[in-house]
1. Name the pairs whose Cβ atoms lie under 7 Å apart, with the first residue in the range 32-45 and over 19 Å from ARG21 (Cα atoms), the second modelled with pLDDT under 95 and not in a loop (DSSP other than H, G, I, E, B), and 6 or more positions between them or separate chains?
2. Quick check, is LEU28 of a type in the set (A, V, I, L, M), more than 29 Å from ILE7 (Cβ to Cβ) and either touching a Ser or Thr at 6+ places or on another chain (Cβ under 7 Å) or modelled with pLDDT under 95 (or both)?
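The values are calculated or read from the model by the stated rules, or taken from the named source; none is laboratory data. Remember, predicted model here, so these are calculated numbers, not experimental data. Positions of Cβ are generated from backbone atoms using ideal geometry, with glycine treated the same way; all protein chains shown enter the neighbour counts.
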Amino acid sequence: MKSNPGIVPSAEGQRMLETLRRAVAKVLERKRRLGQYAVVWQHGKPAMVNGEASHAAEDAATYTGRG
């Protein structure tokens, strides 16, 4: 997925993105609490995040789409 930092999504698109970010953060936090791993996109490639990584949900919440 490519991102284009020069294009701003519509108000509806921004609401959709925020909803998705919250949903992902919630799931990652749940996985962290259960000690499960998650596969996320970091530094342009997939990476496995251990269930003990406390910042996975925060990273997802602040994700900008730029890899």
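1. Note: no pairs meet the criteria.
2. Working: of a type in the set (A, V, I, L, M): yes; more than 29 Å from ILE7 (Cβ to Cβ): no; either touching a Ser or Thr at 6+ places or on another chain (Cβ under 7 Å) or modelled with pLDDT under 95 (or both): yes.
No.
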